[in-house]
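Just below is one structure, and these are the notes that go with it.
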Protein chains: 2
Amino acid sequence: MSQVPPKRPLTLRDVSEASGVSEMTVSRVLRNRGDVSIATREKVQAAAKSLGYVPNKIAGALASQRVNLVAVIIPSMSNMVFPEVMTGISQHLENTDLQPVIGITDYLPEKEEAVLYEMLSWRPSGVIIAGVEHTDSARAMMANAGIPIVEIMDVDGLAVDSMVGISHRRAGRKMAEAILKYGYRSIGFMGTQMPLDHRARKRFEGFTEALAKGGIEIADREFYSGGSALAKGREMTQAMLERSPDLDFIYFSNDMIGAGGLLWLLEQGIDVPGQIGLAGFNGVDLIDGLPKRLATMDACRKDIGQMAAQIVADRWTEGAVQDPVSHVLTPKLSLGDTLKRK
Amino acid sequence: MSQVPPKRPLTLRDVSEASGVSEMTVSRVLRNRGDVSIATREKVQAAAKSLGYVPNKIAGALASQRVNLVAVIIPSMSNMVFPEVMTGISQHLENTDLQPVIGITDYLPEKEEAVLYEMLSWRPSGVIIAGVEHTDSARAMMANAGIPIVEIMDVDGLAVDSMVGISHRRAGRKMAEAILKYGYRSIGFMGTQMPLDHRARKRFEGFTEALAKGGIEIADREFYSGGSALAKGREMTQAMLERSPDLDFIYFSNDMIGAGGLLWLLEQGIDVPGQIGLAGFNGVDLIDGLPKRLATMDACRKDIGQMAAQIVADRWTEGAVQDPVSHVLTPKLSLGDTLKRK
DNA sequence: CTGAAAGCGCTAACAA
DNA sequence: TTGTTAGCGCTTTCAG
């Protein structure tokens, strides 16, 4: 039933001519809007299908001033964490006409600003953006965009509009408190270089703060950037224990380097968590299946994605300008098998 | 320097009025097109900046019939493989004015069709799509879109237009040949349920085919879906060895379940690769840092992304309709530490 | 170097 | 239930 391949993309007019129905009515059929008789509806659908017509949303968006796109701006795709947030967002948006569009910042503020500018120029119906730290210019763009803006993952800061996340400072504190409670005293920290990863930095700050409150200071620390997290965890754990053999706990800034550390310790026949305890952060499924379950704290990634999407979707359907919303979620601590010593 | 937050997004006209320069000239300045005197240029830039003007690409695209977007359609983001392809694509496109936009299909043909339709309705400048299996309708849409279409990852099939990837059937064969060459004879296979993952299926087919040529039949096999790949690898390896204790090799359809299997075997004190050899597929960095390096085959993910992006970018800049291109890459086998027995 | 006019393909609003 | 008329905010084209 298909036609000759067209050079010029088909337009409504083509469908209109092929079906003998006005452009306007064709448009109504194709969008399922307004009342159209079954007869014409079918005629139009048949014509559109046999021609292989694909609507032009650019023109549609310009005319209707509505764009069914939600800009999602995240630092990276290879971090494990963000795909899960995306899953939550997609899941919620599937019930709506909205579609997520992803932009990547590589943790760079200037790139974030550029990506935001680029995405706003498509006039999306909302923005979901990771973190609360942005350039002044980015902040201004968001404040002036006239669309819902949801800052996610982190609530330690001021939101432009709405906000869904956890307090990483508190997460760090809670982990420190658990570690102290279980009697560990000589504690090392290992994580990514943090100038750009604000959430990791806040966890670290909360962590040291709570330790200080317990009269303890970090016994050793090391930061890395680049490379396989698993391999880094392995190497750095070895190096740190050679340097500071008295450590009885290591707090890793994410589960993957924690997994690397865990594997190395087990290989050495070191008793975990008896001789040394371990904890990571995120609660990623990916490492289910290690010899021992790493203690960790769930960052509520999927929930965050869903709730953020919901805020945007609600404003989209209800149309009205609504008040900013803030949801502060509480991460759950899992002791796993590596934070148990009493 | 910033103004009162506008309800209505700003238009070129606003900048025109604020700067006392015609809309047309403002447009030229903002796009860096045509000759504009330095004086007016600066006047316009100042006005645009102080107002916080963000161009409307929807209108721009409609007027110019040019959209700087490339549709990238992949099955999943949580597969590790696809983020890496994306990295390759992004890297190449960063040198151009093009921007990738991602669509996810969840390995469902109907969803792929829907996503493709949605994306084509934004009139992108090209499509990069995983795999060569598509519904007839999807294939027709691509053939009629009048833009470069690059099917990636897999070259075992007919392309609509261009194609960049590896032969998974050949990859399976090569792995089988290596395994036989090293003297393994009782071989198990473990992988994802494959009706929808054509690439995994083709590897499996190539694998069994090459074994058959060597007079060997798969001794055991098992397929899974869902769950943490690492955990599945662990459980299924245990189950398979209880069922078929004579196995001397297991070929896993991806590195993550292979890693799970490896960890379990090492915990049991089983000699790898002496008593049993292992291999995975993909060559993901993620598992660098395991106690032993898993034998695997690199799927050339980043290269594939870069080459695909290049095909689209070339046509974008050179304008002219060009001939379809096919690049067949050759995956490299790594023996690692788990495929060595002689 | 700058400006005016005429659309791009569609949909809101109104008329029939 | 269907059709007509004006744009949406830009850029192309052509004229100064």
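The values are calculated or read from the model by the stated rules, or taken from the named source; none is laboratory data. Note that the structure is predicted; figures quoted are calculated from it, not measured. Using ideal geometry, Cβ is built from the backbone for each residue, glycine included, and neighbour counts are taken over all protein chains shown. Surface accessibility is based on the protein's heavy atoms, side chains included, excluding ligands, DNA and RNA. Shrake-Rupley method; radii C 1.70, N 1.55, O 1.52, S 1.80 Å.
A full extension of the chain between A:E267 and A:L108 corresponds to an added length of 53.5 nm, given 0.36 nm per residue minus the alpha carbon distance.
Extending 7 Å from the Cα toward the beta-carbon at both B:E205 and B:E177 defines two label points whose distance is 1.9 nm. So the label point sits 7 Å from Cα along the Cα-to-Cβ vector; using that for A:D136, what distances do you get to the other copies, in nanometres, sorted shortest first? Going from nearest to farthest copy, the values are 6.2 nm. What is segment B:63-166's relative contact order, in percent, from Cα pairs under 8 angstrom and six or more apart in sequence? For segment B:63-166, the relative contact order is 26 percent. Counting only protein heavy atoms and a probe of 1.4 Å, the accessible surface of segment B:168-299 is 46% carbon and sulfur. Against the main long axis of the alpha-carbon atoms of chain B, helix B:255-267 sits at an angle near 40°.
What does a probe at B:Q193 reach in segment B:219-252, counting residues whose amide N is under 17 Å from the point 7 Å along Cα→Cβ? Answer for segment B:219-252: B:221-229, B:232-233, B:236.
Rg and Dmax of segment A:59-198, both derived from C-alpha coordinates alone, stand at 17.6, 66 Å. B:V160 sits among other residues whose Cβ lies under 12 Å from its own Cβ, and their net charge, with Lys and Arg +1 and Asp and Glu -1, is -3. Sites listed here are GluC sites (Glu not before Pro) in segment A:1-109 whose DSSP assignment is loop and whose Cβ has at most 16 other Cβ atoms within 10 Å: A:E94. Counting only Cβ charges, +1 for Lys and Arg and -1 for Asp and Glu, the dipole size of the protein assembly as shown around its Cα centre is about 500 debye. A full extension of the chain between B:A46 and B:M24 corresponds to an added length of 6.3 nm, given 0.36 nm per residue minus the alpha carbon distance. Take the alpha carbon gyration tensor of the protein assembly as shown, find the square roots of its eigenvalues, order them as a ≥ b ≥ c, and report rounded if a/c is under 1.5; if not, report prolate when a/b exceeds b/c, else oblate. Judged from the Cα gyration tensor, the protein assembly as shown comes out oblate (a/c at least 1.5, b/c at or above a/b). Rounded to whole Å, give me the distance from the Cα center of segment A:124-141 to that of segment A:267-315. Centre-to-centre (Cα) distance: 27 Å.
Over segment A:52-141, the hull volume per residue, using the convex hull of the C-alpha atoms, is 121 Å³.
Between the beta carbons of B:Q65 and B:T135, assuming R0 = 35 Å, the FRET efficiency works out to 0.80 to the nearest 0.05. What shape does segment B:168-299 take by its C-alpha gyration tensor, where a ≥ b ≥ c are the square roots of the eigenvalues and a/c under 1.5 counts as rounded, a/b above b/c as prolate, and the rest as oblate? Cα axes put segment B:168-299 in the rounded bin. Take segment A:90-167 with all the other protein chains still there, run a 1.4 Å probe, and you get 35 Å² of accessible area per residue.
A full extension of the chain between A:E94 and A:K7 corresponds to an added length of 28.0 nm, given 0.36 nm per residue minus the alpha carbon distance. Expressed as an acute angle from 0 to 90° and rounded to the nearest 10, what is the orientation of the C-alpha long axis of helix B:168-181 relative to the principal long axis of chain B? For B:168-181 against chain B, the angle is about 30 degrees.
When the Cα positions of B:S50, B:V67, B:S90 are compared along the charge dipole of segment B:1-116, B:S50 comes out farthest toward the positive end, with charges on each C-beta of Lys, Arg, Asp and Glu. If we count every other residue with Cβ under 12 angstrom of B:P324's Cβ, Lys/Arg +1 and Asp/Glu -1, where does the sum land? It works out to a net charge of -2. Taking every C-alpha pair closer than 8 Å and separated by at least 6 residues, the mean separation divided by the residue count of chain A gives a relative contact order of 17 percent. Ligands, DNA and RNA are left out, and with a 1.4 angstrom probe the accessible area of segment B:168-299 is 37 Å² per residue. Taking every DSSP helix (H) stretch of at least 4 residues in chain A, weighting each as -39,500 (n - 2.57) and dividing the sum by the residue count yields a mean residue ellipticity at 222 nm of -13500 deg cm²/dmol. Computed over chain B, the quotient of the alpha carbon radius of gyration and 2.2 N^0.38 Å is 1.28. Evaluating 6.51 cos²θ - 1.76 cosθ + 1.60 at θ = phi - 60° for every residue in segment A:127-144, the Karplus couplings come out as 10, 10, 9, 6, x, 10, 9, 9, 5, 4, 5, 4, 4, 5, 4, 5, 4, 8 Hz, glycine and proline recorded as x. Distances between copies at A:E110, taken between label points 7 Å from Cα along the C-beta direction, are 4.9 nm in increasing order. Using a 7 Å projection from Cα along Cα-to-Cβ, the label point at A:E217 is separated from the same position in the remaining copies by 7.1 nm, smallest value first. Helix A:38-51 and the longest principal axis of the Cα set of chain A meet at an angle near 70°. Using the Karplus relation 6.51 cos²θ - 1.76 cosθ + 1.60 with θ = phi - 60°, the per-residue 3J(HN,Hα) values for segment A:145-156 come to 6, x, 10, x, 10, 10, 8, 10, 5, 10, 10, 7 Hz, with x marking Gly and Pro. With θ taken as phi - 60° and the Karplus curve 6.51 cos²θ - 1.76 cosθ + 1.60 applied, the whole-hertz 3J(HN,Hα) list for segment B:19-33 is 9, x, 10, 5, 3, 4, 5, 4, 4, 4, 4, 5, 9, 6, 10 Hz, x standing for glycine and proline.
Quick one: check the C-alpha center-to-center distance for segment A:236-263 versus segment A:159-221, whole angstrom. If you average the Cα positions of each part, the centres end up 16 Å apart.
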